[in-house]
1. Quick check: is even one residue across region 244-255 surrounded by fewer than 20 Cβ atoms within 10 Å (Cβ to Cβ) and either over 25 Å from residue 176 (Cα atoms) or charged (D, E, K, R) (or both)?
2. Hand me the list of helices (runs of 4 or more DSSP H) wholly inside region 159-258 holding 2 or more residues that are more than 16 Å from the ligand (Cβ to nearest atom) and touching a residue at least 12 places away in the same chain (Cβ under 8 Å).
3. Check region 279-293 and report whether any residue there is outside any loop (DSSP other than H, G, I, E, B), within 20 Å of the chain's Cα centre (by Cα), more than 15 Å from the ligand (Cβ to nearest atom) and touching a residue at least 24 places away in the same chain (Cβ under 8 Å).
4. What is the one condition in (1) modelled with pLDDT of 95 or more; (2) among the small types (Gly, Ala, Ser); (3) in contact with a Leu (Cβ under 9 Å, 6 or more places away or on another chain) that residue 112 does not satisfy?
5. Do we have any residue at all in region 263-285 that's surrounded by 15 or more Cβ atoms within 10 Å (Cβ to Cβ), over 25 Å from residue 198 (Cβ atoms), out of contact with any Cys (no Cβ under 9 Å at 6 or more places or on another chain) and of a type in the set (D, E, K, R)?
6. When you go through 51, 104 one by one, which is the residue that is of a type outside the set (S, T, N, Q) and either more than 22 Å from residue 218 (Cβ to Cβ) or surrounded by fewer than 23 Cβ atoms within 10 Å (Cβ to Cβ) (or both)?
7. Can you confirm whether residue 68 is within 16 Å of the ligand (Cβ to nearest atom) and touching a residue at least 40 places away in the same chain (Cβ under 8 Å)?
8. So which residues in region 6-51 are part of a loop (DSSP other than H, G, I, E, B), within 16 Å of the ligand (Cβ to nearest atom) and under 19 Å from the mean Cα position of the chain (by Cα), if there are any at all?
Amino acid sequence: MTLTTIADDSLFQPLILPHGPKLKNRLALAPLTNTQSHGDGTLSDDEYRWLTMRAAGGFGLVKTCAIAVEERGRGYPGQLGAWNDKHISGLTRLAEGVKAHDALACAQLSHSGPRALLNRIGVVAEPGNEVRELSNEDIATLIQRFVDAAQRCEKAGFDGVELHAAHGFLPAQFLSPDINTRTDNWGGDLTNRARFIREILEQIRSATRTDFQLGLRLSPERFGLRMAEILELAQTIMVSGVIDWLDMSLWDVFKHPEEIEFADKALLSWFAELDRGQTRLGAAGNILSRGAALWTCRGFVPLL
Ligand SMILES: Cc1cc2nc3c(=O)[nH]c(=O)nc-3n(C[C@H](O)[C@H](O)[C@H](O)COP(=O)(O)O)c2cc1C
C-alpha cells in the first residue's frame, strides 16, 4: 500500500462522467442487499433511512441494493423491486432523499435467474418457473424488463442505473462458458455470451434521456468466468462509450487472480491498465482505510 500525506485530497476531487452530473468526490457506496424493504418490493422506511444516511455521510454516489426487474427474479426477501409502476412512488422518495445530500442516486438493476431462491420469496415453483433454457422470446422479454425497470427509475428521478452483471446472477450466467451451453446467438463465443449484457445496456441507453447515467458491474473470476474474457469484455465495453462507469466487484482490491497465467499482479492492476476511453473505472472490496482508498483511486482514475 502506498503511504500518503495528510494533505492528499485526491479522494475528494470531483469526477466528471460522460453523461449527467458529476460526482462530488471519488467515493461510491457499493450496492448492498439488506433485505429491509417490503415483501412486494416497495420501499420501507428502514431502507430509506439506511441509504439516505449513507448519502448524508458524504458518499458522492449512492447505489441501491440490487433491485429486481421481475417479480420471480428476486433473490432475497425484502429486496427492492422495479418490476411494476407501484414501485415508482417509493423509488421517487428514495431518489429525492439521496439527492438532497448532493449525492448521485443510482439504482442497481438485477435478475437472479436460476439463483432466484423461489422458496425464500414465497413464489411456488410452477411449470414455466422452473430452471430451463430460455427461448428467444423469453430473452427478449427479459431484456425489456431491464429497460422498463430503468425507465421507472428514470421517472422516479434517479441519476442513473447500474446493470448487475456480477456474482453469478442471470447476466453473469450468460457470460460463463461453463453455465451457458447454448449453441445459438446467445451462446458459444464471447461475443455471443456477452450479447445479453450488450443488448440490455444499448437498449437502456436508447430508451432513456441523454443525461441518464449507466453503469455496469462485473466480477472478474469465479462463477464459471475466465479472466482473459472478462478483460476483453471490459475493454470492449469501456471503449464503446455505452456506459459511464465499469465497477469491478473484486471482494479484495489487493487480491491477485486465481488463474496462474494472471497471478503475477493484483486483479485491480489488470483492469486499471486497460484503455478506458471516457469510461470511469471503479472497484470494491476490502477498502477499509483511507490509504486503501487512495491506492485504489490512484490505480484507477486519472485525476483531473
Ligand atoms: C450483505 C451484502 C450484500 C450485498 N449485496 C450486493 C448487491 O445487492 N449487489 C452487488 O452488486 N453486490 C452486493 N454485495 C457486494 C458488495 O457490493 C461489495 O462488492 C462487497 O461487499 C465487497 O466490498 P466490501 O469489502 O467493501 O464490503 C453485497 C455484499 C454483502 C456483504
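1. yes
2. 190-193, 195-207, 227-240
3. Yes: one or more hits.
4. (1)
5. No: region 263-285 contains no residue that is surrounded by 15 or more Cβ atoms within 10 Å (Cβ to Cβ), over 25 Å from residue 198 (Cβ atoms), out of contact with any Cys (no Cβ under 9 Å at 6 or more places or on another chain) and of a type in the set (D, E, K, R).
6. After ruling out the rest, the residue left standing is 51.
7. Taking the combined requirement at face value, the residue satisfies it.
8. Hits for region 6-51 are 26, 27, 30, 31, 32, 33, 34, 35, 41.
The values are calculated or read from the model by the stated rules, or taken from the named source; none is laboratory data. All values derive from a computational prediction rather than experimental measurement. Using ideal geometry, Cβ is built from the backbone for each residue, glycine included, and neighbour counts are taken over all protein chains shown.
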